[in-house]
1. How high is the relative contact order of the chain? Use alpha-carbon pairs under 8 Å, at least six apart in sequence, and give a whole percent.
2. Given the protein chains as shown and a 1.4 Å probe, how many square angstrom of residue 71 are accessible, to the nearest 10?
3. Could you identify which residue out of 15, 46, 70 has the top mean-square fluctuation in a GNM of the chain using Cα springs shorter than 10 Å?
4. By how many degrees, between 0 and 90 and to the nearest 10, does the Cα long axis of helix 2-17 differ from the longest principal axis of the chain?
5. So what is the accessible area of the chain per residue, in Å², with the probe set to 1.4 Å?
6. Give me the number: length gained by fully extending residue 66 to residue 80, i.e. 0.36 nm times residue separation minus the C-alpha to C-alpha distance, one decimal in nm.
7. Of the residues 49, 76, 61, which exhibits the maximal mean-square fluctuation in a Gaussian network model of the chain defined by a 10 Å Cα contact cut-off?
8. So what's the back-of-envelope 222 nm ellipticity for the chain, counting only DSSP H runs of four-plus at -39500 (n - 2.57) apiece and dividing by all residues, rounded to 500?
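The values are calculated or read from the model by the stated rules, or taken from the named source; none is laboratory data. These figures come from a predicted structure and were not determined experimentally. SASA here: full protein model, heavy atoms, side chains in, ligands and nucleic acids out. Shrake-Rupley method; radii C 1.70, N 1.55, O 1.52, S 1.80 Å.
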Amino acid sequence: SEATIFYYSHLLVSLDRAGCLRLGKGKTNRQYLREVAVRAESWTDLMARCVRLFEDAFFGRLAVERSAFLEIWERRGELDRLRERAT
């Protein structure tokens, strides 16, 4: 669960730095999803999966299964390519 929270936080910061979304106080995860979808519809599913796992871990205080985290972790290269294309 902690790895999911850290990864999602890192993801948001790096997407903000790349200009793929704009971090803002009071913005929701759904707003971030919409911003990413505008740039690359193909990444929306993966980003949505990250959001769901983050919200389960952070807000729901639920344990994230190792396999669920590894699914998003192993696909991190897809989001890296989004950031690279934006810069």
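1. On the way: 71 pairs, mean separation 35.4, N = 87.
Averaging sequence separation for qualifying contacts and normalising by length gives 41 percent for the chain.
2. The accessible area comes out at roughly 80 Å².
3. Its mean-square fluctuation being the largest, the pick is 70.
4. Roughly 10 degrees, rounded to the nearest 10.
5. Computed with neighbouring chains in place, this is 63 Å² per residue.
6. Details: separation 14, 0.36 × 14 = 5.04 nm, distance 2.14 nm.
Going from the current span to full extension adds 2.9 nm.
7. Maximum among the listed residues: 61.
8. -22500 deg cm²/dmol
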